[in-house]
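Novice: Sharing a structure, written as structure tokens. Questions coming.
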Amino acid sequence: MEQVVINGLSGNSTIYIGESIDNLSKYIPSENVFIITDKNVEAHYGSRFPAFPVYTIEPGEGSKSFISATNVFRWLLDKGADRSSFIVGIGGGVVSDLAGFVASTYMRGISFGFVATTLLSQVDASVGGKNGVNLDGFKNIVGTFNQPQFVICDISTLGTLHRDEYCNGLAEVVKHALIYDADKFSFLEKNKSGIMAFNQTIMTFLVNRSVNIKADIVTADERETGIRRKLNLGHTWGHAVEKVTGMPHGQAVSIGMAFSAGFSLKKGYLSKVEHDRIIALLTDLGLPITTTANPMVIFETLLRDKKKEQDGIHFVLMEGIGSVKVELLKIDEIKAFANEFAQ
């Protein structure tokens with residue numbers, strides 16, 4: 001088992017890579033604990049949960065809302081939860097985002113931790129202290145920066161994921177390699193068949209590497225004022241694609257990374273050879289690189305992104321595989337390339 005520590009302003013968070021859900025009781029109080037999960041996770045692993053009250057949500061982004069949060073708040077009140085209580089989110093990114101948001105705001109904040117059961121959650125959503133809910137379909141518009149006390153990444157749970165959900169997580173794995181680790185990108189290229197067959201040894205290595213990359217960045221810039229913006233690679237265009245099409249997060253981010261790769265190529269930051277390697281890897285990992293949605297509808301949605309500043313948007317571009325830069329791009333420049341990218 002590997003341990004990675006994030007030193008955050010709200011406290012330290014320890015990520016346990018390779019730990020089992022069966023050992024959750026070692027990391028939580030002996031009483032006054034409340035569990036939040038979804039129906040799919042409960043069906044697979046509910047019999048292995050510690051004996052505490054459980055609130056179960058519907059799977060999917062629709063549950064990451066104020067309505068869901070309010071329902072959980074009322075449940076906590078009904079169950080007698082107080083400032084000494086502890087919340088555990090067991091599931092994927094929707095569960096961790098919602099559980100972290102509820103814990104960070106209930107009675108002005110109580111302690112919490114996660115058991116991440118999806119690849120997307122293990123390498124991204126549950127790590128780093130971002131918690132939030134969507135508003136009118138716009139991603140993570142309301143939320144907090146607050147670190148969980150712990151995150152358990154049980155690699156064995158990835159074996160029960162639907163193929164599409166598994167591939168969603170691979171998009172974030174590729175993202176980390178593009179941002180920070182050219183060697184990891186080459187490893188992904190060389191081990192595509194083992195990855196798609198869920199080789200647990202390979203996946204343990206990849207989760208470990210992704211968590212370490214994200215932990216380094218978050219520790220340096222928890223509140224996303226500088227280097228942490230690099231983690232938004234693929235997300236600016238991707239979140240707009242996700243809003244317009246309703247496609248899963250990882251698939252939308254993959255399209256966003258393809259968009260960024262094309263934009264970077266056009267601006268002369270990325271070579272044609274590197275661009276083509278990126279597109280080939282995303283495709284080989286079962287991820288889309290284009291959408292049939294109207295690019296101008298996506299562009300109009302992008303204008304409501306959190307990263308917009310007056311007439312510009314902080315956009316992550318690639319300077320080569322393993323290196324990115326954040327550039328404040330004029331909105332008109334993004335609009336022009338959006339039309340070109342669609343064609």
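Novice: Report yes if Ile17 is within 18 Å of Leu161 (Cβ to Cβ), of a type in the set (Val, Ile, Thr) and surrounded by 18 or more Cβ atoms within 10 Å (Cβ to Cβ), otherwise no.
Specialist: yes
Novice: Any idea which of (1) under 22 Å from Phe263 (Cα atoms); (2) at pLDDT 95 or above is the one Ile227 doesn't satisfy?
Specialist: Ile227 satisfies all of (1) under 22 Å from Phe263 (Cα atoms); (2) at pLDDT 95 or above except (2).
Novice: Sticking with this structure for a sec: Only residues in segment 41-59 that are under 20 Å from Phe73 (Cβ atoms) count as the first member; pair them with residues that are among the acidic types (Asp, Glu), Cβ under 8 angstrom, at least 6 apart or cross-chain, and list the lot.
Specialist: Going by the 8 Å Cβ cut-off, the qualifying pairs are Val54/Glu42; Thr56/Asp38; Thr56/Glu42; Ile57/Asp38; Glu58/Asp38.
Novice: Please indicate, with yes or no, whether at least one residue in segment 40-63 is open to solvent by 90 Å² or more (accessible area, probe 1.4 Å), basic (Lys, Arg) and at pLDDT 95 or above.
Specialist: Within segment 40-63 (the criterion being open to solvent by 90 Å² or more (accessible area, probe 1.4 Å), basic (Lys, Arg) and at pLDDT 95 or above), the answer is no, since none of the residues qualifies.
Novice: Now for a different question. Taking only segment 115-145 into account, find how many residues are aromatic (Phe, Trp, Tyr) and more than 18 Å from Ser68 (Cα to Cα).
Specialist: Residues flagged as aromatic (Phe, Trp, Tyr) and more than 18 Å from Ser68 (Cα to Cα) within segment 115-145 amount to 1.
Novice: Given the condition in contact (Cβ under 8 Å) with a residue 12 or more places away in the chain and under 30 Å from Leu285 (Cα atoms), answer yes or no: does some residue in segment 69-89 qualify?
Specialist: So far as segment 69-89 goes, yes, one or more of its residues are in contact (Cβ under 8 Å) with a residue 12 or more places away in the chain and under 30 Å from Leu285 (Cα atoms).
Novice: Would you please list the contacts, defined by Cβ atoms under 7 Å and residues six or more apart or on different chains, that run from a residue in segment 97-123 that is under 20 Å from Leu158 (Cβ atoms) and part of a helix (DSSP H, G or I) to a residue that is open to solvent by less than 10 Å² (accessible area, probe 1.4 Å) and among the acidic types (Asp, Glu)?
Specialist: Filtered contacts from segment 97-123: Leu120/Glu172; Val123/Glu172.
Novice: Of all residues in segment 253-274, which are within 25 Å of the chain's Cα centre (by Cα) and within 26 Å of Thr301 (Cα to Cα)?
Specialist: Val253, Ser254, Ile255, Gly256, Met257, Ala258, Phe259, Ser260, Ala261, Gly262, Phe263, Ser264, listed by residue number.
Novice: Here's something else I'd like to know. Could you look through segment 161-185, keep only residues that are among the hydrophobic types (A, V, I, L, M, F, W, C) and in contact with a Phe, Trp or Tyr (Cβ under 8 Å, 6 or more places away or on another chain), and pick out the one that is farthest from Tyr45 (Cα to Cα)? If you could, list the steps in order and put the result at the bottom.
Specialist: Of segment 161-185, the ones among the hydrophobic types (A, V, I, L, M, F, W, C) are 161, 167, 170-171, 173-174, 177-179, 182, 185.
Subsequent filtering for residues that are in contact with a Phe, Trp or Tyr (Cβ under 8 Å, 6 or more places away or on another chain) retains 174, 177-178.
Numbers: Val174: 28, Ala177: 31, Leu178: 33 Å.
So the residue we want is Leu178.
Novice: Out of everything in segment 83-126 that is of a type in the set (Val, Ile, Thr) and in contact with a Lys or Arg (Cβ under 8 Å, 6 or more places away or on another chain), what residue ends up being surrounded by the fewest Cβ atoms within 10 Å (Cβ to Cβ)?
Specialist: So, considering only residues that are of a type in the set (Val, Ile, Thr) and in contact with a Lys or Arg (Cβ under 8 Å, 6 or more places away or on another chain), the one surrounded by the fewest Cβ atoms within 10 Å (Cβ to Cβ) is Ile110.
Novice: Which condition from (1) more than 17 Å from the chain's Cα centre (by Cα); (2) at pLDDT below 95; (3) within 17 Å of Val174 (Cβ to Cβ) is the one that His249 breaks?
Specialist: The number of the failed condition is (1).
The values are calculated or read from the model by the stated rules, or taken from the named source; none is laboratory data. None of the values given here were measured: they were computed from a predicted structure. Neighbour counts are summed over all protein chains in view; Cβ atoms, including those assigned to glycine, are modelled from backbone coordinates with ideal geometry. These accessible areas exclude ligands, DNA and RNA; they are computed on the full protein's heavy atoms, side chains included. Shrake-Rupley method; radii C 1.70, N 1.55, O 1.52, S 1.80 Å.
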